[in-house]
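Read the figures in this text as sums done on the coordinates, not as results from a lab. These numbers come from a predicted model, not from an experiment. Because the Cβ atoms are built from the backbone with ideal geometry, glycine has one as well, and the counts that use them run over all protein chains shown.
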Amino acid sequence: MYQKTEWNGIIKNMPKKDKLIYKIFLSFAILNFSLLSPSLAQDEVISKLEHAYKKIIDASGNFVQISYIKDLDKTQKFSGKFFIKGDKIRWQYSGENPQIIYINKENLIVYDVKAKQAIKSKFHIEKYGQLPFALLSRMAVIKRDFEVNKISENNIMLKPKEKMGNIEKIELSVNEEDFPIKSMKIRDTYGNVIQIYFNSLKINTNLKDSLFKFIPRDDDTVLTY
């Protein structure tokens, strides 16, 4: 049987000097706890995200993208499918103007389905501003690339440690599912905002490498820059 300790009685019977020392100690303990708790909680969210991401061999699903262009004061909505395997990404827009974007390490191909035209170029860090979904390939090592701040229980704010195109900050919404990112909001230095929401997610389904390889058809035009 445990012994219940009546702290009120102990404090009441303390000498005045000890009471003062105890109150000072208690105040510092509460202050330190309040300062440390956000940091600990933040590290917990980051650890959860990185740990879940490191277990992902491949992932696929649907997305909805809402883009706000400040200069035009215009909002556009897109949707489609995505596939990720290591550092390879296939991002597929559906709708009236379908496009398929392939990223394979340092290689980038943007294929316009209607125009039957593919543009090949090198993918580098500056292009994250134009293709923010490519950031999904860097989520397993967040602290290496970003300054991280927790803004709510399941939301963190990322600021690139080095220039990534025009990206100013990224807000991630983290969930408890196998694919840990529920949504991402990217703001750039011009005031433009891109929000991406993920759904119908699947992980580790042994995606074929051929999904990430562009093979032009006979009537396709391929331009290289």
query: Could you say which residue among Tyr53, Tyr68 is hydroxyl-bearing (Ser, Thr, Tyr) and under 14 Å from Ile203 (Cβ atoms)?
result: Tyr53
- prompt: If you go through segment 209-223, how many residues are exposed (fewer than 12 other Cβ atoms within 10 Å of the Cβ) and either touching a strand residue (DSSP E or B) at 6+ places or on another chain (Cβ under 6 Å) or among the small types (Gly, Ala, Ser) (or both)?
  reply: 3
field: strands (runs of 3 or more DSSP E) enclosed by segment 155-208 - at least 2 residues per element that are crowded, with 16+ Cβ neighbours inside 10 Å and touching a Pro at 6+ places or on another chain (Cβ under 8 Å)
entry: 167-174, 181-188, 193-203
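Could you tell me whether Lys163 is over 15 Å from the mean Cα position of the chain (by Cα) and farther than 23 Å from Lys127 by Cα?
Working: over 15 Å from the mean Cα position of the chain (by Cα): yes; farther than 23 Å from Lys127 by Cα: no.
Judged against the criteria, Lys163 is not a match.
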message: For Met164, only one of the following conditions fails: (1) among the hydrophobic types (A, V, I, L, M, F, W, C); (2) in contact (Cβ under 8 Å) with a residue 40 or more places away in the chain; (3) more than 17 Å from His51 (Cα to Cα). What is its number?
response: (2)
field: segment 57-108, subset surrounded by fewer than 17 Cβ atoms within 10 Å (Cβ to Cβ) and of a type in the set (Gly, Ala, Ser), residue farthest from the chain's Cα centre (by Cα)
entry: Gly95
